[in-house]
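**Q** Supplied in structure tokens, the structure appears directly below.
The values are calculated or read from the model by the stated rules, or taken from the named source; none is laboratory data. None of these values were measured; they are calculated from a predicted model. Quick reminder, even Gly has a Cβ in these numbers, built from the backbone with ideal geometry, and neighbours come from all protein chains shown. Remember, those area values only see protein heavy atoms, side chains included, never the ligands or the DNA or RNA. Shrake-Rupley method; radii C 1.70, N 1.55, O 1.52, S 1.80 Å.
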Amino acid sequence: MKYDIFICYSRQDTDFVMRLTKSLDCYGYTYFVDIEGIASGDNFAERISTAIDNSEIVLLVLSKYSNESRWVQNEITYAYSQNKTIIPINVDRVDLTSSFLSLLADREQIYANGQGNLEQEVMAPLNKLLKRSENDQITTENRQENLRLAKERKQSADDY
């Protein structure tokens, strides 16, 4: 499956990621997040690298936790080696670690308060960075429909 976005994060940032996926659903983005995309028994590392390969961009949820995560560092290093566009969403106002700095120093970051309004803090800058034109922006009605459809897809996956 192809995705618009691969979400790279520390499991300790799951609450923020769940809010982020809801916003992405509203805007009609497709994404891979390991909470929903890896079945029991799957080869985790292989599934992650395949998902990165099949994603247009990588969103890095940058926090004090992701800065310390070897898995996050491995995912970002792999995404960088595959020439993926990596967009950091800095939720803790943390500085890049030395390992991230060498890969992401030239990247524009999106700064978000982990509890703030994602519509203003994340989605508007993300749409701008991804160069979504005004014509590509979707209406509130479409966002609600996209969210309803996403919930149905997730329910179907859970039922399976």
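**Q** Give, as a single signed number, the net charge of other residues whose beta carbon lies under 14 Å from the beta carbon of Leu96, with Lys and Arg counted +1 and Asp and Glu -1.
**A** Charge balance in the 14 Å sphere: -2.
**Q** Give me, ordered by chain and number, the residues 5 or more places off Ser55 or on other chains with an amide H under 5 Å from its own placed amide H.
**A** Excluding prolines and chain starts, which carry no amide H, the hits are Tyr3.
**Q** Quick one: accessible surface of Thr85, probe radius 1.4 Å, all protein chains present, in square angstrom to the nearest 10.
**A** Here the accessible area works out near 70 Å².
**Q** Still on this structure: Quick one: length gained pulling Lys2 to Lys131 fully straight, 0.36 nm per residue minus the C-alpha distance?
**A** Once the chain is fully extended between Lys2 and Lys131, it gains 44.5 nm.
**Q** Assuming a viscosity of 1.567 mPa s and a temperature of 4 °C, what translational diffusion coefficient in µm² per second does Stokes-Einstein assign to region 4-106, Rh being the Kirkwood radius over Cα pairs?
**A** 94
**Q** Taking only protein heavy atoms and a 1.4 Å probe, what accessible area per residue, in Å², does region 42-125 have with all protein chains in place?
**A** I get 52 Å² per residue for this part.
**Q** For Asn54 paired with Ser81, estimate the spin-label separation in nm (one decimal), with each label point 7 Å from Cα along the Cα-to-Cβ line.
**A** 2.0
**Q** Sketch the reach of a paramagnetic label on Arg19 as a point 7 Å from Cα along Cα-to-Cβ, and name the residues of region 72-89 whose backbone nitrogen lies under 17 Å away.
**A** Counting backbone N atoms under 17 Å from the label point, the list is 89.
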